[in-house]
Amino acid sequence: MTEHYTRFIVCVPIPNKEASVIATAFRNHVLSSVFGAPAECLVDGGTEFEGDFAVLCRQCLVDRRVTSPDSPEGNGFTERVVRTIKFCFKKMALDKGLDYEWDELLWSLVLNYNAAKQESTAGVAPFTLLFAQEATVPPDLRARPVLNFKEQEEKTLAEELLQRAIIVQKLMVHAGCRLEVAQHRDTLRRERRRSGSYEPTPHQFKPTWVRKEQ
């Protein structure tokens, strides 16, 4: 899964491509993580993006868009990421042989990709664009600065706060995009209500305990 603005990627090992499995991976690693529900979700024409996945998108008011079979380059960035990950696994197989668990090594590939500076993002790493700080990548175990108001001099603290302010200012456009996302989601909600296809999800509440009269 790829976030097209920051080029941040999320990879999840799955046992198969059933719609229920895809929906679970999307819910647990995108919707419930730092991203929340996006305004749009671009997928290909695979059947795994129907069924439970389509229902999940409707419930979260995510505009699920499908690339045309004649124009797969519409989701070209994600396709390039898949090719990159596969190439890395092939290289690992040549170096280590087939005696390794690919799903246990996937996290390191994803971390290195997100921490690498990319030309498409003006030389800024996807991790930095998303979190406004550089990633700590093993074996580089740089200690993160810990503020101690009793021991740290006021001048040093002011310089660090200024540096953080500069980073936030440069990445302000990322926060500004949230307004457009909210407007798109509101438009989608109004269109569904006007078309009559919007059905609120009913919720039934049951008591967890019953008080017995003495």
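Odds and ends about this structure:
- So Arg58, is it basic (Lys, Arg), under 24 Å from Glu119 (Cα atoms), out of contact with any Ser or Thr (no Cβ under 7 Å at 6 or more places or on another chain) and not in a loop (DSSP other than H, G, I, E, B): no
- For the range 31-48, residues that are modelled with pLDDT of 85 or more and within 17 Å of the chain's Cα centre (by Cα) total 11.
- Breaking point among (1) closer than 30 Å to Leu56 by Cβ; (2) at pLDDT 75 or above, for Thr208: (2)
- Residue in the range 80-89 that is over 27 Å from Thr187 (Cα atoms) and among the hydroxyl-bearing types (Ser, Thr, Tyr) present: yes
One line per residue, one yes/no per condition, for (1) modelled with pLDDT of 80 or more; (2) of a type in the set (Val, Ile, Thr); (3) more than 24 Å from Ile22 (Cα to Cα); (4) within 17 Å of the chain's Cα centre (by Cα):
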| residue | (1), (2), (3), (4) |
| --- | --- |
| Thr67 | yes, yes, no, no |
| Thr78 | yes, yes, no, yes |
| Tyr100 | no, no, yes, no |
| Asp103 | yes, no, no, no |
| Ala115 | yes, no, yes, yes |
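- The set of residues from the range 84-123 being surrounded by 11 or more Cβ atoms within 10 Å (Cβ to Cβ) and among the aliphatic types (A, V, I, L, M) comprises Ile85, Met92, Ala93, Leu105, Leu106, Leu109, Val110, Leu111, Ala115, Ala116.
- Hits in the range 177-198 - residues which are modelled with pLDDT under 70 and more than 14 Å from Asp63 (Cα to Cα): Cys177, Arg178, Leu179
- Residue ID - surrounded by the fewest Cβ atoms within 10 Å (Cβ to Cβ), chosen from residues in the range 6-44 that are part of a helix (DSSP H, G or I) and out of contact with any helix residue (DSSP H, G or I) (no Cβ under 9 Å at 6 or more places or on another chain): Asn28
The values are calculated or read from the model by the stated rules, or taken from the named source; none is laboratory data. This one's a predicted model, so the numbers in the text were calculated from it and none came from an experiment. So basically every Cβ, Gly included, is an ideal-geometry build from the backbone, and we count neighbours across all protein chains shown.
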